[in-house]
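Reviewing the structure listed below.
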Amino acid sequence: MRVSRFFLSTLKEAPAEAEVASQKLMLRAGMIRKVSAGIYSWMPLGLRTLRKVEQVVREEMNRAGALETYLPHVVPAELWQETGRWDKFGPQLLRIRDRHERDFLFGPTHEEVVTDIVRRDVRSYRQLPVNFYQIQVKFRDEIRPRFGVMRGREFLMKDAYSFDVDREALMRSYDAMYRAYERIFTRLGLRFRAVEADTGAIGGFASHEFQVLADSGEDAIAWCPQSTYAANVEQAEAVAPPHGRAEAREALQRVPTPGMTTCEEVAKLLGVPLERTAKSILIVAQDRVHMLLVRGDHMVNEVKVGKVPGLAGWRWATDAEIRAATGAPPGYLGPVGLPEGVPLVVDRSVAVMADFVCGANEPDTHLRGVNFGRDVREPDAVADLRNVVPGDRSPDGKGTLEILRGIEVGHVFALGTRYSQDMGATYLDASGTARPIEMGCYGIGVTRVVAAAIEQGHDERGIVWSEAMAPFAVAIAPIGYDRSDAVRTAADRLHDELEGAGIEVLLDDRGERPGVMFADLELIGIPHRVTIGERGLKEGSVEVQGRRDAAVTRVPAGEVAAHLRERLAAGAAR
């Protein structure tokens, strides 16, 4: 491909609204152009990379035994009403009506549609297992789309759905998809981790996220360097301290703390470590106010709170509810004197605390030297309520945890019978008994993979692609293409030879100055660049430099095509 026949439109500076590296670089490189908030056009350069990701995904899905389909974008409301998601999905769901005033939606995901197909067509266990997948545009009406295609409203997604006869067979399908995802992200040249994750609103009993490691990632990942343990912070278990509760040593004291509403402020005033303070949080669950206690240096994990028996569907208590239960404003709450009608649920780390500091349920006042059993009743429940932090013991007992940042690019779920029961998707077993089909679903954000790869692979000059994702494998940069017959002839010959060998090559035939040409080619991240100039040709050589290389390699002009084929083959083998 010649630049004169391509559409290469680069920018020196990213638009002011661009927030993260991938958004800035994709706009500067001319990969995408904004149409509306969270909606982008994919330009020829960007589409080449997008299609490469799509092809790797398709190849590995086919290899894993999944069958490609194409399901409708517009879905009748009745299917989603059967599972309750028409009302539960929330404002992200784009609802539309046709000319007959019938309700439809633009599919953000397709569990209902594919389950409807299976319940109509599958009758016998002999027809199972089956796994359908598609690569299709989705739409979710994000309240605040941001970060370019990282969190857009319209995006390209691969979603797959497996159907099996029982839980054991489902987990075989789940494992096959898990392994396929490992192959996909490995082939794309990404550094990633598969982490245990919460099933969330989609339901089910098991799930793993595939996270591309990047400092700019929105997700926090807990992992153990001494073992294979890895989990999303929402899911990672904070194990109970190995020691029991110490004996009380201090007398209960009231301490004036005017205007001090945070544990940090109070700990500093009293000269005590932050981990000796306790945060009191009031929530409402099952129409009752509950008090939660976590250590002052820990953060409440909202997902874990919802998993505590009796706290499903909880919400934060209002100021009025807080004052009615404790007589104090937020910032001064504590468990001492808590009414019997308010259950007390404490984190595992709080349950072993002695002589701790907490609010006194009075404005501008805290208590120190607080102890369970003496000053405050024993908890009604002890549970894992917090986010893990670096240095926590790994749940597998094999080391301590560290925290990484990641970008979720894939997610696999073992749904079980969540959708098949709601929609009556059954099969007849060998004895003729009707049984619900066990289901799994598996998603990859194809557009997000592109952005995540840039977040992980870029420098001050631009994008640094892996060879598997690069829009072109080789760039030819001829110095003086418009002025030197020798340079033009050598560049054209190399372009044709590489193209004839099936190598994707981009020849910059614009006749631009070297600085402009190099800046554009480095910005768009082509892995290998060949620089051809008159001086080098007189010496019988050209310069070859990898996008990640600090130095150039001089190669005889007649051997450069063979040299590049070797480099590309070596890169593909890695």
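Readers should treat all values here as calculations from the given coordinates under stated rules, not as data from a laboratory. Fair warning: this is a prediction, and the values are worked out from it, not measured in the lab. Virtual Cβ from ideal backbone geometry, glycine too; neighbours counted across all protein chains shown.
The distance between label points at residue 123 and residue 168 comes to 2.7 nm (points 7 Å beyond Cα on the Cα→Cβ vector). Pairs of Lys residues in the chain, spaced 8 or more positions apart or belonging to different chains, with C-alpha separations under 22 angstrom: 15 in total. Between the stretch 399-453 and the stretch 516-574, the C-alpha centres lie 44 angstrom from each other. Averaging the sequence gap over all C-alpha pairs within less than 8 Å and six or more residues apart, then dividing by the number of residues, gives the stretch 253-383 a relative contact order of 29 percent. Charge dipole of the stretch 253-383 (Cα centre as origin; +1 on each Lys and Arg Cβ, -1 on each Asp and Glu Cβ, all else neutral): 180 debye, rounded to the nearest 20.
For the chain, the relative contact order is 17 percent, taking Cα pairs closer than 8 Å that sit 6 or more residues apart in sequence and dividing their mean separation by the residue count. Here the simple spin-label model places points 7 Å from the Cα toward Cβ, and for residue 146 and residue 377 these points are separated by 4.3 nm.
Candidates (i) -0.64, -1.30; (ii) -0.55, -1.56; (iii) -0.72, -1.27; which is the computed log10 I(q)/I(0) by the Debye sum over Cα atoms at q = 0.08, 0.13 Å⁻¹? Of the listed options (i) -0.64, -1.30; (ii) -0.55, -1.56; (iii) -0.72, -1.27, (iii) comes from this structure. Helical content of the chain, expressed as a calculated mean residue ellipticity at 222 nm, amounts to -8000 deg cm²/dmol (DSSP H runs of 4 or more residues, -39,500 (n - 2.57) each, divided by residue number, nearest 500). For the stretch 253-383, give the share of DSSP beta bridges that are antiparallel, in percent and rounded to the nearest 5; count only bridges with both residues there. Bridges in the stretch 253-383 are about 70 percent antiparallel. Say each of residue 97 and residue 68 gets a label point 7 Å from the Cα, pointing the same way as Cα to Cβ; how far apart are those two points in nm? Each label point is offset 7 Å from its Cα along the Cβ direction, giving 3.8 nm. Relative to the longest principal axis of the Cα atoms of the chain, the long axis of helix 111-121 makes an angle of roughly 80 degrees. Relative to the longest principal axis of the chain, what angle (0 to 90°, nearest 10) does the C-alpha long axis of helix 485-500 take? Approximately 60 degrees, to the nearest 10. Going from the fewest other Cβ atoms within 10 Å to the most, the residues 287, 396, 508 appear in the order 287, 396, 508. Put +1 on the Cβ of every Lys and Arg and -1 on every Asp and Glu Cβ in the stretch 303-357; which of 338, 357, 303 then has its Cα farthest towards the positive end of the dipole? Of the listed residues, the answer is 303.
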